[in-house]
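Working notes for the structure below.
The values are calculated or read from the model by the stated rules, or taken from the named source; none is laboratory data. All values derive from a computational prediction rather than experimental measurement. Quick reminder, even Gly has a Cβ in these numbers, built from the backbone with ideal geometry, and neighbours come from all protein chains shown.
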Amino acid sequence: MITLRFHLTSPFSGTMGFTGVPLRAAFLNLLQQYDSQLSGQVHGKVGVRSYSLDPFPFSAGFRTDFDEGKEYEFGVNLFSSEKYNSLIRSLAMVPKEEVRIHHHYFPLKRVDFTTHQPSMLMDQWIEKDCLEGLRQIGIRMRFLTPTQLSQFGSDMAFLLPTPEKVFSGLLRVWNTADRASKVYHISDYRKWVERNIYISNHRIRTIPVPLGRGRAVVGFVGSVDYVVQNLDSPFGHLSVGLSRFAEMSNVGKNRTAGLGKVSVLLETEKG
């Protein structure tokens, strides 16, 4: 797994709407230039996409204000990083001089690379010693950008953060990671989640985000408190780890365009 951080200089002063979608287009354009075959596979692939995107910082209304000459950054997390070797090698050896976002060309100052070992990350996220003696754990998940979940058998968005959809979706993405510690069956895990994770509180609302050219995406934002029971089960520990993974992977549909960005807080209760 590799995290790329792109540091760009703004060529203009002004405001841009939610940057997740144009930044995904910019990333795919870079991929097209460095590895056109892989670009077609990534963009046209049906199923779980093995990367996520962290958009430019934003303010109210999910808009980003730019000042000419100021530095801005966005991130891309590659979970199946071995697929992207040609891109990583090209960025390291012969980086592009600029990145096009909408009709603006942003000079590229540098790209930072961080390598992650999935099994070590999962061990760090779970912290088994900290969970010892707990009968349950609370997970407060804040949805920072509009979030949509998949509706099985349909392209329609599902706008309720039910545990089985959120956590099963996270496991699908985790299973794409290089050398993940263990690949779990989604159906078995989903059945366990339905019995052992519930929502104790939520404060969410749906909100439309304009994407330009008359398009908009509707998703939910706010916070949800999940309670994970049966921590003696390996699935209990896995659920804690997946909640931390969500901060890297994003949640739900269009994770690759910066939707479903979350922050997580764990709250414990001794048995």
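Pairs meeting the criteria (first residue in the range 184-200 and assigned to a strand (DSSP E or B) and at pLDDT 95 or above, second residue crowded, with 16+ Cβ neighbours inside 10 Å and of a type in the set (G, A, S), beta carbons under 8 Å, at least 6 apart or on different chains) are I197/S239. Of the residues in the range 156-171, at least one is modelled with pLDDT of 85 or more, in a strand (DSSP E or B) and either surrounded by 12 or more Cβ atoms within 10 Å (Cβ to Cβ) or in contact with a strand residue (DSSP E or B) (Cβ under 9 Å, 6 or more places away or on another chain) (or both). Inside the range 79-105, residues that are modelled with pLDDT of 90 or more and surrounded by 17 or more Cβ atoms within 10 Å (Cβ to Cβ) make up a count of 2. Among residues of the range 228-251 that are outside the structural domain of G20 (by TED's automatic domain parsing) and in contact (Cβ under 8 Å) with a residue 40 or more places away in the chain, those with a beta-carbon under 6 Å from a residue that is assigned to a loop (DSSP other than H, G, I, E, B) and of a type in the set (D, E, K, R) at least six positions away or on a different chain give the pairs N250/K261.
Just so you know, in the range 47-81 the residues that are assigned to a loop (DSSP other than H, G, I, E, B) and in contact with a helix residue (DSSP H, G or I) (Cβ under 6 Å, 6 or more places away or on another chain) include one that is nearest to P107 (Cα to Cα), and it is P55. With respect to (1) farther than 26 Å from G169 by Cα; (2) at pLDDT 90 or above; (3) of a type outside the set (A, V, I, L, M), the lone exception for G61 is condition (2). Pairs linking a residue in the range 13-27 that is over 16 Å from P146 (Cβ atoms) to a residue that is acidic (D, E) and part of a loop (DSSP other than H, G, I, E, B), with Cβ atoms under 6 Å and 6 or more positions apart or on different chains, are S13/D67; S13/E68.
On the basis of being modelled with pLDDT of 90 or more, assigned to a strand (DSSP E or B), assigned by TED's automatic domain parsing to the domain that holds L131 and over 18 Å from R172 (Cβ atoms), does G222 make the cut? Break it down stepwise before answering.
Working: modelled with pLDDT of 90 or more: yes; assigned to a strand (DSSP E or B): yes; assigned by TED's automatic domain parsing to the domain that holds L131: yes; over 18 Å from R172 (Cβ atoms): yes.
In short, yes.
Remark: pairs (first residue in the range 86-113, in the same structural domain as V76 (by TED's automatic domain parsing) and under 12 Å from L30 (Cα atoms); second residue among the small types (G, A, S) and modelled with pLDDT of 90 or more; Cβ separation under 7 Å; 6+ apart in sequence or on different chains) = V99/A26; R100/A26; I101/A26.
Of the listed requirements (1) touching a Gly at 6+ places or on another chain (Cβ under 6 Å); (2) part of a strand (DSSP E or B), F113 misses just one: (1).
Of all residues in the range 47-63, those being in contact with a Lys or Arg (Cβ under 6 Å, 6 or more places away or on another chain) and surrounded by fewer than 22 Cβ atoms within 10 Å (Cβ to Cβ) number 1.
In the range 220-271, the qualifying residues are those that are surrounded by 23 or more Cβ atoms within 10 Å (Cβ to Cβ) and among the charged types (D, E, K, R), and the one that is nearest to V21 (Cα to Cα) is R255.
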